[in-house]
Amino acid sequence: MPATGQLGYAAEEPTLRSHRCRHVAQAIMAIGNLSSRWQMAVNTLAALASAGILLALPDLHSIMAPSPAPTPITPSSPSPYYLWVSLDTKKPDSFQVVLESKFWSNRRADVKRYSGANASVRAEIRLQRVAHQTSFNEEDGTVWIERRRRF
């Protein structure tokens, strides 16, 4: 028998490793030494892509199930320098109004809900003449109602 005995081949390392784990899956990864920096980077990228998709959900919903097209209604503007386009819609933030004219500057306005004496859902476009007019008819123009893109 040798003078100094060997404790055994199955003996553990003298230092004890501790791992902070929040759940069982993380504990198994730590015990099996299965962590990988490459996999962590890919998981982080996947989490960022998922967050981007979650931020785009309202727009995806408006593409898949758009709100019904609005119909123009009264009131009109009390001022000759403003064009009011009043709409009958429950979702005013989904639409924009565009004025295309050779007499007036092309304008784009968001549809908003207004309160007060002239309460309505409307877009207000301030009319300004084009510096170099190609038309002399101030009533020349086209008003477009289009869906608003947010994303």
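Quick notes on this one:
- Of all residues in the stretch 61-90, those satisfying the criterion of being touching a helix residue (DSSP H, G or I) at 6+ places or on another chain (Cβ under 9 Å) and either surrounded by 12 or more Cβ atoms within 10 Å (Cβ to Cβ) or of a type in the set (S, T, Y) (or both) are S62, S67, P70.
- Residues in the stretch 75-94 that are touching a strand residue (DSSP E or B) at 6+ places or on another chain (Cβ under 8 Å) and either of a type in the set (K, R) or touching a residue at least 60 places away in the same chain (Cβ under 8 Å) (or both): 2 in all.
- A69 being touching a residue at least 24 places away in the same chain (Cβ under 8 Å) and among the small types (G, A, S): yes
- The set of residues in the stretch 97-151 that are in a loop (DSSP other than H, G, I, E, B), of a type in the set (D, E) and more than 17 Å from S79 (Cα to Cα) contains only D140.
- Hits in the stretch 117-145 (condition: closer than 28 Å to P92 by Cα, of a type in the set (G, A, S) and exposed (fewer than 14 other Cβ atoms within 10 Å of the Cβ)): A117, A119
- Failed item, numbered, when A3 is tested on (1) open to solvent by 100 Å² or more (accessible area, probe 1.4 Å); (2) modelled with pLDDT of 80 or more; (3) part of a loop (DSSP other than H, G, I, E, B): (2)
- Checking L99 against (1) hydrophobic (A, V, I, L, M, F, W, C); (2) closer than 21 Å to R149 by Cα; (3) loosely packed, with under 13 Cβ neighbours inside 10 Å, the condition it does not meet: (3)
- Among residues of the stretch 32-43, those that are closer than 19 Å to C21 by Cα and surrounded by 10 or more Cβ atoms within 10 Å (Cβ to Cβ), counted: 5
- D93 acidic (D, E), closer than 30 Å to Q128 by Cβ and either at pLDDT 85 or above or surrounded by 10 or more Cβ atoms within 10 Å (Cβ to Cβ) (or both): yes
The values are calculated or read from the model by the stated rules, or taken from the named source; none is laboratory data. Note that the structure is a prediction, hence the values are computed from the model and not measured. Using ideal geometry, Cβ is built from the backbone for each residue, glycine included, and neighbour counts are taken over all protein chains shown. Note: areas computed on protein heavy atoms with side chains; ligands, DNA, RNA excluded. Shrake-Rupley method; radii C 1.70, N 1.55, O 1.52, S 1.80 Å.
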